[in-house]
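S.K.: Sharing a structure below in structure tokens format, with a few things to ask.
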Amino acid sequence: MPHAAVGVGVIVTDEEGRLLLGRHRSGVHELPGGKVEGGEPVAEAAVRELAEETGLVALAEDVEVLAMLLDEVGGVTRVTMAARVHRFTGRPYAAEPHLVSRWTWHTPERLPSPLFVPSGQVLSTWRPDLPIAHPEVSVYHLTQTAAQW
């Protein structure tokens, strides 16, 4: 039985400052992201998950790891790394349509709901001014560069 799960939520914005969110088949809206593999640097996990889910291509050096978030779900400690991609190429598409039906851009002030809980937590960490309700989470802001993660 696992005691912890480690994931990464990736904030991607376009030239207009809009956020990329996917419509998951479960009905929630989520950031690109997913599981960090054992031994995988967080920035590389962010780049890999972004490409696997959206088709967007980024480099690890263009990822800023903002914070580590801790909460608990069903007795398992959930560690979510909040990351932001500063540069990417391509156009988003549903690369895993069995999970996410479409990716769309949204202004931060007009986010769709409901949000996947870790995505809401990541977005609130990035922009505390956004009116996003989510369960309590412990946030540890980071000062290291992406290369260190």
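The values are calculated or read from the model by the stated rules, or taken from the named source; none is laboratory data. These numbers were taken from a predicted model, which means no experiment stands behind them. Every residue, glycine among them, receives a Cβ derived from its backbone with ideal geometry; neighbour counts consider all protein chains shown. Heavy atoms of the whole protein, side chains included, go into the accessibility calculation; ligands, DNA and RNA do not. Shrake-Rupley method; radii C 1.70, N 1.55, O 1.52, S 1.80 Å.
S.K.: How much of the accessible area of the range 24-149, in percent, comes from carbon and sulfur atoms when a 1.4 Å probe is used?
M.R.: 54 percent
S.K.: Determine the dipole magnitude for the range 1-129: charges of +1 sit on the beta-carbon of Lys and Arg, -1 on that of Asp and Glu, nothing else is charged, the reference point is the Cα centre, and the result goes in debye to the nearest 20.
M.R.: 380 debye
S.K.: In Å², and per residue, what accessible area does the chain have when probed at 1.4 Å with the other protein chains present?
M.R.: 53 Å²
S.K.: Loop-only trypsin sites (Lys or Arg not before Pro) in the range 1-42, please: DSSP not H, G, I, E or B, and at most 13 other Cβ atoms within 10 Å.
M.R.: Answer by residue number: Arg25.
S.K.: Could I ask something else about it? For Val6, what charge total do you get from the other residues with a beta carbon under 15 Å from its beta carbon, if Lys and Arg give +1 and Asp and Glu give -1?
M.R.: -3
S.K.: While we're here: Is it possible to state the helix-based mean residue ellipticity at 222 nm for the chain, with each DSSP H run of 4+ residues giving -39500 (n - 2.57), the sum divided by total residues, to the nearest 500 deg cm²/dmol? What is it?
M.R.: -4500 deg cm²/dmol
S.K.: Determine the distance separating the Cα centre of the range 53-130 from the Cα centre of the range 1-39; give it in Å without decimals.
M.R.: 4 Å
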